[in-house]
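The values are calculated or read from the model by the stated rules, or taken from the named source; none is laboratory data. Because the structure is a prediction, the values reported are computed rather than measured. A quick note on method: Cβ atoms are made from the backbone with ideal geometry, for glycine too, and the neighbour counts reach across all protein chains shown.
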Amino acid sequence: MMIATYRTHYRAYQRFSGILMLSAWGFAIVIASFLFLWLGYKLDEYLGTAPNFMFGLFFLAIFMSVMRLYNEAKRRMKVL
């Protein structure tokens, strides 16, 4: 009886693990992009270069986050 209950809960968790992973990655992408955007703004303010560092670091953060998300998804697909 205990084993059947455990398997049922584990399967329910497996269904939602993909959604939880995507929401965590979405949160990480938003935080990283805003952090790099702010850092780029401060660098541009200090160095007097208009939006160069701001856009550069913003796109770098998005690119790195999406690449890590892709690698995580590829790793999880190998497990399945």
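L37 fulfils the conditions (1) at pLDDT 95 or above; (2) more than 24 Å from L60 (Cα to Cα) except for a single criterion, (2). Every test in (1) β-branched (V, I, T); (2) modelled with pLDDT under 95; (3) in a helix (DSSP H, G or I) is passed by T49 save one, and that test is (3). Scanning segment 41-80 for residues that are over 17 Å from the mean Cα position of the chain (by Cα) and among the acidic types (D, E), we see that the one that is farthest from I29 (Cα to Cα) is E45.
The set of residues in segment 29-80 that are over 30 Å from R15 (Cβ atoms), surrounded by 12 or more Cβ atoms within 10 Å (Cβ to Cβ) and small (G, A, S) comprises G40, G56, A61. Taken over segment 60-80, the residue count meeting the criterion of being of a type in the set (A, V, I, L, M, F, W, C) and touching a residue at least 12 places away in the same chain (Cβ under 8 Å) is 6.
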